[in-house]
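Here is the structure we will look at.
The values are calculated or read from the model by the stated rules, or taken from the named source; none is laboratory data. The shown structure was predicted, so the numbers you read here are calculated from the model rather than taken from an experiment. Glycine also receives a Cβ, built like all others from the backbone with ideal geometry; neighbour counts cover every protein chain displayed.
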Amino acid sequence: MQYPLIEKIGNPELLVGREKEFRIIDKWLSLIPNRMSKSKVIVARRKSGKTVFVQRIFNKLWSDPNLGVIPFYFDIAENQAWYPDFAIDYYCSFASQYIAFIQRDEQLVNKPLSLKKIREYGLANSNELLVDDVDLLLENQEMGLHDSMWKTACHAPHRFAAVLKTRFLVILDEFQNITQYIYRDEKCEGKPIESLAGSFHSLSESKIAPMLVTGSYVGWLLQVIAKYLEAGRLKHFYMSPYLTQDAGLQAVYKYAEFGQEAITNETALMINQLCMADPFFISCVIENQYEDKDLTTADGVINTVNYEISDRRSEMSETWNEYLQLTLDKVNEKYAKSMLLHLSKHADRYWTPKDLKEELGIDLSIDQIKKRLVQLSEGDLIDRGVSDIQFKGLSDGTLNLILRNRFEKEIDGFAPDLKDVFQKQIKTLTSENSKLRGLLNNLSGKLAEYQLATAFRSRKRFALSAFFANVIDTTGLNIINVKERVIFQREDGKGMELDVVAESNCGRVVLVEVKKTKTKIGLAILEDFQEKFEVYGQLFADKNILPAFLSLGGFTEEAREFCQAQGIGMASKIEQF
């Protein structure tokens, strides 16, 4: 797969999980060529992974032209822009990404062409659409017809799809910003063009260039869509900020690997537990600047997670602070904090303004309380029920921790002991060593490579026979470097990959292949592995190779005999964590 659009997550391998979401979206994408896909809006709170999700969709479509859908991605930034400049920026981004797709030129995705270059390309390649569009944009710009310029730009994907008999996907990130940052005044003074979102009213119904819309502020985004696109035109696609437990643990391993942060398999489970399998929370904990950070012990994990929640300078705190202040500044009432904290603590039920007035002793009228609650719901800090008078705290553990840390002392008169909360969670997790071991074993089918590599790193000094049977060399190793998914080439250029490569300071190298099949592996797979470690040995002739194979499905008798004859270590589970 290619990654022409640079993903905000960083290394593409850091995007883990989301199988359910991708499965649904992949089905939706597959129906676009037959004009059966309706435009969608991704509904999810900030830092839920929306942007990297849609960026990955772009890269998947770009990497496989046979899918028959040309992707267009545009981020509507929180930057003030003059109307005609915005129109040109939008069109140049679209045209450049279209040309990039046709020419298979990755550079044009991140470095859009100017109108002049787009026109030159159109002339050179007999593309009248591009030439006519550029001429029209420049003519309307000279005449000051800025609305016409924007119409040419925003209708381009649908127009190209219709004329060229092809399909486009229009991905608009942070769509709500289009109502607040585009100005008719060249100096960006006065009021922004709030109604600009309405330009997509009819385009949102396009089946040849459907839209995929995102936004970080759900309440605001849905208000914009309801007012200018009509609510039913975009199907809602809900995305949780949390991963499954398996995927969350995989994220812990990934971030620790790429962040070069030492963990153990036991503390990986603890990090995932305390971070609630929230990939953003996990990344903050792995990458934070806590002075005494140590993620190889339970106490170290608790202290590091507590720092991320409690220190105002941490990335997690600063991110949520921005989110909270945007709404609380609008509400501007001391009761807003107490209601927000109360609803968050009791998120298992709905509350009416009357309930809250009685419970919290609020000196406001029922209507005034309702007004504040509506503002909090529009700011994505609480949920609103089917009834107009029902409100509920978000089922969001991360927000709950932040709210408790920020407001509990101010409102209840005492600061929460979050360390104690975390310690109780860890105590429950580790109360029985067999329970922790059972969790590791249950997860090993999907995460065996990470767990084995982490065990090598954290143990460091061990004999390979501690992990694998049939090992000829049983003397101790002193591991100085462990890598996963190591790629190398045979002389003829054929690419090969090893799952785990662990180097000892004595010149020995452990090469491990991991297979996660439900059935026993046979001779053919072992012969392929033998070729890999022989080629690796030829490339690194100064190294003493120790081959080993981890097959979670076991080995056939023929495969066992081959391993014994070739000196390949064997294991069907990870014995040492």
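Quick check on this structure: which one of E291, E266, E315 is without any contact (Cβ under 8 Å) to a residue 12 or more places away in the chain and either of a type in the set (D, E, K, R) or under 23 Å from E13 (Cβ atoms) (or both)? Steps first, please.
Details: E266 fails: without any contact (Cβ under 8 Å) to a residue 12 or more places away in the chain; E315 fails: without any contact (Cβ under 8 Å) to a residue 12 or more places away in the chain.
The conditions single out E291.
Mind telling me which of the residues K151, K191, K187 ends up being surrounded by fewer than 18 Cβ atoms within 10 Å (Cβ to Cβ), closer than 26 Å to N127 by Cα and not hydrophobic (A, V, I, L, M, F, W, C)?
Numbers: K191 fails: closer than 26 Å to N127 by Cα; K187 fails: closer than 26 Å to N127 by Cα.
The unique qualifying residue is K151.
Looking only at the stretch 541-559, how many residues end up being closer than 16 Å to V512 by Cα and not aliphatic (A, V, I, L, M)?
First, the residues of the stretch 541-559 that are closer than 16 Å to V512 by Cα: 543-555, 559.
Filter once more, keeping what is not aliphatic (A, V, I, L, M): 543-544, 547, 549, 551, 553-555.
Looking only at that region, the number is 8.
Can you tell me how many residues in the stretch 23-57 are surrounded by fewer than 16 Cβ atoms within 10 Å (Cβ to Cβ) and on the phi < 0 side of the Ramachandran plot?
From the stretch 23-57, those surrounded by fewer than 16 Cβ atoms within 10 Å (Cβ to Cβ) are 23-24, 26-27, 30-31, 33-36; that's our starting set.
Now narrow it down to the ones that are on the phi < 0 side of the Ramachandran plot: 23-24, 26-27, 30-31, 33-34, 36.
Counting residues in the stretch 23-57 that are surrounded by fewer than 16 Cβ atoms within 10 Å (Cβ to Cβ) and on the phi < 0 side of the Ramachandran plot gives 9.
For the stretch 190-207, how many residues are assigned to a loop (DSSP other than H, G, I, E, B), out of contact with any Phe, Trp or Tyr (no Cβ under 7 Å at 6 or more places or on another chain) and touching a residue at least 24 places away in the same chain (Cβ under 8 Å)? Working first, answer last.
At the first step, the residues of the stretch 190-207 found to be assigned to a loop (DSSP other than H, G, I, E, B) are 190-193, 201-202, 206-207.
Subsequent filtering for residues that are out of contact with any Phe, Trp or Tyr (no Cβ under 7 Å at 6 or more places or on another chain) retains 191, 202, 206-207.
When the remaining residues are screened for being touching a residue at least 24 places away in the same chain (Cβ under 8 Å), the result is 206-207.
The total comes to 2.
Which one of D89, D85, D105, D135 is part of a helix (DSSP H, G or I), surrounded by fewer than 18 Cβ atoms within 10 Å (Cβ to Cβ), in contact with a helix residue (DSSP H, G or I) (Cβ under 8 Å, 6 or more places away or on another chain) and of a type in the set (D, E)? It would help to see each step written out before you state the result.
Details: D89 fails: in contact with a helix residue (DSSP H, G or I) (Cβ under 8 Å, 6 or more places away or on another chain); D85 fails: in contact with a helix residue (DSSP H, G or I) (Cβ under 8 Å, 6 or more places away or on another chain); D105 fails: part of a helix (DSSP H, G or I).
Matching residue, one of D89, D85, D105, D135: D135.
Is it fair to say I171 is part of a strand (DSSP E or B) and either among the β-branched types (V, I, T) or surrounded by fewer than 19 Cβ atoms within 10 Å (Cβ to Cβ) (or both)?
For I171, the condition - part of a strand (DSSP E or B) and either among the β-branched types (V, I, T) or surrounded by fewer than 19 Cβ atoms within 10 Å (Cβ to Cβ) (or both) - is met.
Here is a yes/no grid of residues against (1) among the small types (G, A, S); (2) more than 20 Å from the chain's Cα centre (by Cα); (3) outside the structural domain of A197 (by TED's automatic domain parsing):
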| site | (1), (2), (3) |
| --- | --- |
| W220 | no, yes, no |
| K227 | no, yes, no |
| Q245 | no, no, yes |
| Y255 | no, no, yes |
| D278 | no, no, yes |
| E287 | no, no, yes |
| E291 | no, yes, yes |
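Residues are listed down the side, and each one gets a yes or a no for (1) surrounded by fewer than 19 Cβ atoms within 10 Å (Cβ to Cβ); (2) in contact with a Lys or Arg (Cβ under 8 Å, 6 or more places away or on another chain); (3) free of Cβ contacts under 8 Å to residues at least 24 places away in the same chain; (4) assigned to a loop (DSSP other than H, G, I, E, B):
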{"site": "G219", "(1), (2), (3), (4)": "no, no, no, no"}
{"site": "L222", "(1), (2), (3), (4)": "no, no, no, no"}
{"site": "I225", "(1), (2), (3), (4)": "no, yes, no, no"}
{"site": "S240", "(1), (2), (3), (4)": "yes, no, no, yes"}
{"site": "L249", "(1), (2), (3), (4)": "no, no, no, no"}
{"site": "V252", "(1), (2), (3), (4)": "no, no, no, no"}
{"site": "E257", "(1), (2), (3), (4)": "no, no, no, no"}
{"site": "Q260", "(1), (2), (3), (4)": "yes, no, yes, yes"}
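So K518 fits all but one of (1) of a type in the set (K, R); (2) more than 19 Å from A565 (Cβ to Cβ); (3) modelled with pLDDT of 90 or more; what number is the exception?
For K518, the failing item is (3).
From the residues in the stretch 322-341 that are touching a residue at least 40 places away in the same chain (Cβ under 8 Å) and not hydrophobic (A, V, I, L, M, F, W, C), which one is farthest from N400 (Cα to Cα)?
K330
Quick check on my filter: what residues within the stretch 227-238 are among the basic types (K, R) and either outside any helix (DSSP H, G or I) or farther than 15 Å from K40 by Cβ (or both)?
Just the residues of the stretch 227-238 that are among the basic types (K, R), to begin with: 227, 233, 235.
Those that are among the basic types (K, R) and either outside any helix (DSSP H, G or I) or farther than 15 Å from K40 by Cβ (or both): K227, K235.
In the set S114, S148, S126, which member is under 30 Å from I57 (Cβ atoms) and among the hydroxyl-bearing types (S, T, Y)? Even if it seems obvious, please write down each step before you answer.
On the way: S148 fails: under 30 Å from I57 (Cβ atoms); S126 fails: under 30 Å from I57 (Cβ atoms).
Of S114, S148, S126, the one residue that is under 30 Å from I57 (Cβ atoms) and among the hydroxyl-bearing types (S, T, Y) is S114.
Any idea how many residues of the stretch 364-393 are among the aliphatic types (A, V, I, L, M) and part of a strand (DSSP E or B)? Write out each step before concluding.
Within the stretch 364-393, the first condition is being among the aliphatic types (A, V, I, L, M), and the residues that meet it are 364, 366, 369, 373-374, 376, 381-382, 386, 389.
So of that shortlist, the ones also part of a strand (DSSP E or B) come out as 382.
Residues meeting the conditions: 1.
Restricting the stretch 1-40 to residues that are among the basic types (K, R) and free of Cβ contacts under 8 Å to residues at least 40 places away in the same chain, which is nearest to I282 (Cα to Cα)? Before you say what the answer is, go through the steps one by one.
Quick first cut of the stretch 1-40, residues among the basic types (K, R) only: 8, 18, 20, 23, 27, 35, 38, 40.
Restricting the remaining residues to those that are free of Cβ contacts under 8 Å to residues at least 40 places away in the same chain gives 20, 23, 27.
Values: K20: 20, R23: 24, K27: 30 Å.
The residue in question is K20.
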